[in-house]
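The values are calculated or read from the model by the stated rules, or taken from the named source; none is laboratory data. Remember, predicted model here, so these are calculated numbers, not experimental data. Please note: Cβ atoms are built from the backbone with ideal geometry, for glycine as well, and neighbour counts cover all protein chains shown.
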Amino acid sequence: MEDYQNDLDMFQSALEIESPWFVSHRELDRQAGQLHVYLNFKRGAEFSCRHCSESGKVHDIVNENRTWRHLDFWQYQTVLHARLPRIYCRHCDKITTVKVSWARNHTSFSWLFEAHVMALMTEMPVAAVARKVGEHDTRLWRIFHYYVERAMKEMDMTGVKRIALDETSSRRGHEYVTLFVDMDTKRVLLATEGKGSTGLLTFREFLIQQGIDPNQIEEACCDMSAAFITGIKEHFPAARITFDKFHVMKLVNEAVDEVRREEQKEVVELKKTRYVWLKNESNLTKGQKQTMLKLKDMNLQTGKAYRLKLALQDMWTYPTIYADLYFKQWTQWAVRSQVEPMAAVARSLQRYADGILRWFQSKMTNGLLEGINSLVQAAKRKARGYRSTRNFIAMIYATANKFKIKVEPH
Ligand SMILES: [Zn+2]
């Protein structure tokens with residue numbers, strides 16, 4: 001613990017202001033709720049050049065009072081004031097304004113204030129942060145974008161080989177953003193406006209910009225949307241496609257439910273049993289198990305559809321060498337089942353057989369993306385109003401990539 005002779009010394013130490021800067025005076029404006037702290041530098045001080053770090057004597061002082069919002073001092077907003085000196089650098093043969101140690105260039109916030117804002121913005125709604133710190137949210141977004149962009153630039157993506165992609169809705173579900181994830185680093189490499197094949201073109205151009213050859217993408221995992229398939233074939237010709245197996249099972253589950261809905265018109269016992277057929281048998285509650293046993297004995301179309309679903313579910317546990325044959329037999333069984341929705345889904349899955357069976361080699365799914373997507377949607381609900389898709393995308397990077405955002409002088 002240090003014992004300060006006066007409050008200026010204490011401020012200087014608490015603010016971590018380094019020599020040759022010192023706190024020259026302070027004013028408390030109680031009405032405005034602000035504490036003004038004035039910084040000055042010692043006579044004859046030398047500063048280092050912002051370009052080459054050679055030090056030089058003060059040439060003159062810029063005739064403008066610059067201010068930086070700093071962390072609050074108790075209930076008072078704290079504002080740092082300084083007039084910046086310019087030095088003549090012999091090495092660069094130039095007169096330049098010095099860099100300050102408490103803030104980055106072109107901002108009116110100190111490092112510590114920005115660090116505080118960054119921490120709050122990943123924790124709570126933007127509107128609440130704006131209220132809490134008493135700044136307009138557009139200024140807060142500016143800080144946020146700066147650090148997120150910097151962290152994204154510093155991310156090493158050169159080794160990317162296997163990607164997964166999916167869409168997520170931005171504002172009220174009207175607009176879409178496509179996410180590209182590196183399966184190996186589990187990081188979102190790019191989130192971009194627009195759906196399907198446009199998104200893939202953007203991703204291709206983005207990789208090229210990073211000096212990455214698009215042909216180094218060997219595997220891509222997505223759902224069976226036509227736009228994704230065309231986009232991958234066109235822009236990533238070297239990539240093998242794996243269709244997400246959860247998406248495959250979702251289509252089959254939907255078909256089972258379609259059968260049930262049709263059949264319940266005649267068989268009332270089927271009403272309100274949607275989840276009984278959706279879950280795996282082992283996950284059913286006691287009551288659901290009893291319902292299932294009763295219905296199973298009734299020789300229903302729904303029961304047949306359900307058995308087809310379980311059979312396809314089993315496929316994923318088979319050794320790779322049997323997968324092709326198993327899938328072929330399953331589709332034949334489903335097509336001949338005389339349960340039309342099941343036959344229809346099987347015919348459609350047949351067309352995607354290569355990508356469905358690719359899973360047995362690549363073992364890729366969109367499970368990771370589903371997880372990221374739920375984080376993103378939770379962040380969206382919390383934020384209520386991102387104002388722009390650009391803000392939404394920055395929030396995706398910050399929440400999904402969980403990087404420690406470094407707020408400190410370079
Ligand atoms: Zn220089």
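Condition first: closer than 27 Å to SER362 by Cβ and out of contact with any strand residue (DSSP E or B) (no Cβ under 8 Å at 6 or more places or on another chain). Can you find one or more residues in region 290-302 that meet it? Among the residues of region 290-302, not one is closer than 27 Å to SER362 by Cβ and out of contact with any strand residue (DSSP E or B) (no Cβ under 8 Å at 6 or more places or on another chain), which makes the answer no. Within the option set PHE228, PHE236, being free of Cβ contacts under 8 Å to residues at least 40 places away in the same chain, among the hydrophobic types (A, V, I, L, M, F, W, C) and outside the structural domain of LEU310 (by TED's automatic domain parsing) holds for one residue only, PHE236.
Consider region 46-59 and keep the residues that are under 46 Å from the mean Cα position of the chain (by Cα) and surrounded by fewer than 17 Cβ atoms within 10 Å (Cβ to Cβ). The one that is farthest from the ligand (Cβ to nearest atom) is GLU46.
Condition first: within 15 Å of the ligand (Cβ to nearest atom), free of Cβ contacts under 8 Å to residues at least 12 places away in the same chain, assigned to a loop (DSSP other than H, G, I, E, B) and not charged (D, E, K, R). Can you find one or more residues in region 86-95 that meet it? Within region 86-95, not a single residue is within 15 Å of the ligand (Cβ to nearest atom), free of Cβ contacts under 8 Å to residues at least 12 places away in the same chain, assigned to a loop (DSSP other than H, G, I, E, B) and not charged (D, E, K, R).
Here LYS99 clears all of (1) more than 16 Å from the ligand (Cβ to nearest atom); (2) surrounded by fewer than 20 Cβ atoms within 10 Å (Cβ to Cβ); (3) not in a helix (DSSP H, G or I) except the condition numbered (1). Within region 106-127, residues that are outside the structural domain of ASP72 (by TED's automatic domain parsing) have Cβ atoms under 8 Å from residues that are of a type in the set (Gly, Ala, Ser) and modelled with pLDDT of 95 or more in no pair, counting only partners at least 6 apart in sequence or on another chain.
Total residues in region 157-203 satisfying the condition of being assigned to a helix (DSSP H, G or I) and either modelled with pLDDT under 95 or closer than 25 Å to LYS363 by Cβ (or both): the figure is 9. Using the structure shown, decide if ASP213 is farther than 30 Å from GLU154 by Cβ and at pLDDT 95 or above. So ASP213 fails the test. In region 60-67, the condition of being more than 16 Å from the ligand (Cβ to nearest atom) and acidic (Asp, Glu) is met by at least one residue. A residue that is in contact (Cβ under 8 Å) with a residue 24 or more places away in the chain, within 16 Å of the ligand (Cβ to nearest atom) and of a type in the set (A, V, I, L, M, F, W, C) occurs nowhere in region 15-29.
In the set VAL267, VAL276, VAL259, only one residue is closer than 29 Å to TYR352 by Cα and in contact (Cβ under 8 Å) with a residue 24 or more places away in the chain; that residue is VAL259.
Being outside any helix (DSSP H, G or I) and either in contact with a Pro (Cβ under 7 Å, 6 or more places away or on another chain) or not assigned by TED's automatic domain parsing to the domain that holds ILE232 (or both) narrows it down to one residue among TYR318, TYR306, TYR275; which is it?
Selected residue: TYR318, the only one of TYR318, TYR306, TYR275 that is outside any helix (DSSP H, G or I) and either in contact with a Pro (Cβ under 7 Å, 6 or more places away or on another chain) or not assigned by TED's automatic domain parsing to the domain that holds ILE232 (or both).
Across region 374-392, what is the total count of residues that are in a helix (DSSP H, G or I), at pLDDT 75 or above and in contact with a helix residue (DSSP H, G or I) (Cβ under 9 Å, 6 or more places away or on another chain)? Qualifying residue count for the region: 9.
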